[in-house]
1. R0 = 22 Å: FRET efficiency of residue 17 with residue 38, Cβ-based, nearest 0.05?
2. Which whole-angstrom value gives the distance between the alpha carbon centres of the range 218-262 and the range 76-130?
3. Please list 141-147, 165-171 highest first by mean number of surrounding beta-carbon atoms within 10 Å per residue.
4. In percent, what relative contact order does the chain have, based on Cα pairs under 8 Å that are 6 or more apart in sequence?
5. Ranked highest first by the average count of other Cβ atoms within 10 Å around their residues, in what order do 78-86, 3-11 fall?
6. Can you tell me what share of the DSSP beta bridges in the chain is antiparallel? A percent to the nearest 5 is fine.
7. What does the highest-first list of 289-297, 122-130 look like by mean Cβ count within 10 Å?
8. Calculate, for residue 164 and residue 77, the FRET efficiency according to 1/(1 + (r/R0)^6) with r their C-beta to C-beta distance and R0 25 Å; round to the nearest 0.05.
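FYI, it's all coordinate maths here, none of it is from the lab. None of the values given here were measured: they were computed from a predicted structure. Cβ atoms come from the backbone with ideal geometry, glycine included; neighbour counts cover every protein chain shown.
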């Protein structure tokens, strides 16, 4: 009989700091860009308008992962979390289950890490102000990561009380308006993706935007006109072009594969990032299983230092 460690949300957060998460996600992007880690396409099982389920597998570093996660936007009204699920981490050499982790906390860590990593890599070297628009679980993770990296951050949410609660929890400030949040040098959007946040002509030269909310079909946070003004980057072309922020522009033919650079290629030194201070850069994040694998491995490495429940198999 094997005893498998089980990491709930609090345990994942104890095991992996925001800084460690940024390093882990960076390593995952580079490993994927070099073909060392693989990731079959994400599978959606939809039950719209209620929500959807997603199955996300990955292989790398001697381990295999499956994340089974869901997103049900109406859940908070029922007293339930919007996002929940489970991550299974297995030994790739013999198939044995090595750990079970809470999927929502893994997702939040890698989402915050990817948003901030993209901002650090693609933002101007002298970028000062930063904002996070949307202060749900993943938005708070992005803000927490900025703060852990020594950068102050403004928060804005359509629910002002939620933004105030997040600011009090994290030690951040609430933006006086959406316009003020959108005027920052670095902008991270972590909304449900049901309404455009970046309308026509909103962005100014030199800004960077990490678009984290449009992670499925029919979602968008930026107007097509703003995408057309920007230098575009993504986490994975296949996912972004079919179910991410770029999907609408790809569908109408205004954006093609040659117009978008994978951030992994930038991090691996195989492609250029920002090329001038005047460029507007945009990073489209759809969320990758390789990122989940990186966070799960980081948590598993630290699991021995934690007093964890065990699943007997």
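1. 0.20
2. 22
3. 141-147, 165-171
4. Once normalised by length, the contact order is 23 percent.
5. Final packing ranking: 3-11, 78-86.
6. Details: 32 of 59 bridges.
In the chain, approximately 55 percent of DSSP beta bridges are antiparallel ones.
7. By packing density, highest mean first, the sequence is 289-297, 122-130.
8. About 0.80, to the nearest 0.05.
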